[in-house]
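Each remark here refers to the structure printed beneath this line.
Every number in this text was worked out from the coordinates using simple rules, so none of it is lab data. Predicted model, so just to flag it, every value in this text is computed and none were measured. Every residue, glycine as well, gets a Cβ built from its backbone with ideal geometry; the counts of neighbours run over all protein chains shown.
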Amino acid sequence: DSANSKVVVAYRDDQDSRKGKAVVGTVSGTSISFGSVATFNTSQSNYIRAVFDSNSNRVVVAYQDVGNSYYGTSIVGTVSGTSISFGTSAVFESDSAIHISIAYDSANSKVVIAYRDTANSNYGTAVVGTVTNTSISFGTPVVFNSYESNYTSSTYDPDNQKVVIGFQDYSGNNLYGTAVVGTVSGTSISFGTSTAFNSSNSKHITSTYDTTNNKVVVAYQDVGNSNYGTAAVFDPVTS
């Protein structure tokens, strides 16, 4: 949370019925301290991801709500001091959503959530969210890969003003590590042609943006190479 100079950690508490919880951290020197824990979902919460919306100065958490038929769900949090409070949750996928990831498009002031839609043949799907005060609303979900898609990871490229989604193309391209570029327009998102960043089985994908070199960096487990931890640079302009 850059507005409050805080870190927010969202997680599943396995010792308390696997509820979704969050806590605010304050960095001082080389140490971090934490405030009181807040519950954002009282039932089991899986695939929890969070991002900061710099337009509304809110934290947006996306998760699978087991207590509500495994629906893909999101909720908006507001940091105050060392505490965080939450608004009312909103469903972004009215069926089971897994392998959830989230990014913030600062050019369009939108949140983008990517996930595997189990009700739609496990297709890779993304949806655009708009934060208003402590609420979030969503546009229509859009398929970015018409095959089973796992381990989604989303990051925003501010240089090109694009969202980059990394995923394992399970049934469409031999479990290869793959990325696709999305362009947000209003409350929707459109996608270009996907590109493999690893021609082998790739799992546990994560990504980030290098602001110095204007590149997206993707890290993953390369199953085809002795399960080694591996990283690759993905350039939306040339890839």
Taking each pair of distinct Cα atoms in the chain once, what is the resulting Kirkwood hydrodynamic radius in Å? 18.0
Comparing THR208, THR26, THR155 in a Gaussian network model of the chain (Cα, 10 Å), the one with the largest mean-square fluctuation is THR26
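Report the local net charge at ASP13: Lys and Arg +1, Asp and Glu -1, summed over other residues whose C-beta lies under 9 Å from its C-beta.
Value of the local net charge: +2.
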Dimensions of the stretch 81-172 along principal axes (Cα, Å, largest first)? 46, 33, 26
Taking a ≥ b ≥ c as the square roots of the eigenvalues of the Cα gyration tensor of the stretch 1-125, is the shape rounded (a/c under 1.5), prolate (a/b larger than b/c) or oblate? oblate
Residue-span extension gain [TYR209 to TYR11] - 0.36 nm each, minus C-alpha spacing: 69.0 nm
With springs only between Cα atoms under 10 Å, which of TYR228, TYR147, TYR11 fluctuates most in a Gaussian network model of the chain? TYR228
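For the chain, what relative contact order do you get, as a whole percent, if you take Cα pairs closer than 8 Å and at least 6 residues apart? Can you show the working numbers first?
Working: 696 pairs, mean separation 26.1, N = 239.
It comes to 11 percent, rounded to a whole number.
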Rounded, prolate or oblate: which fits the stretch 171-239, taking a ≥ b ≥ c as square roots of the Cα gyration tensor eigenvalues, rounded meaning a/c under 1.5, else prolate when a/b beats b/c? oblate
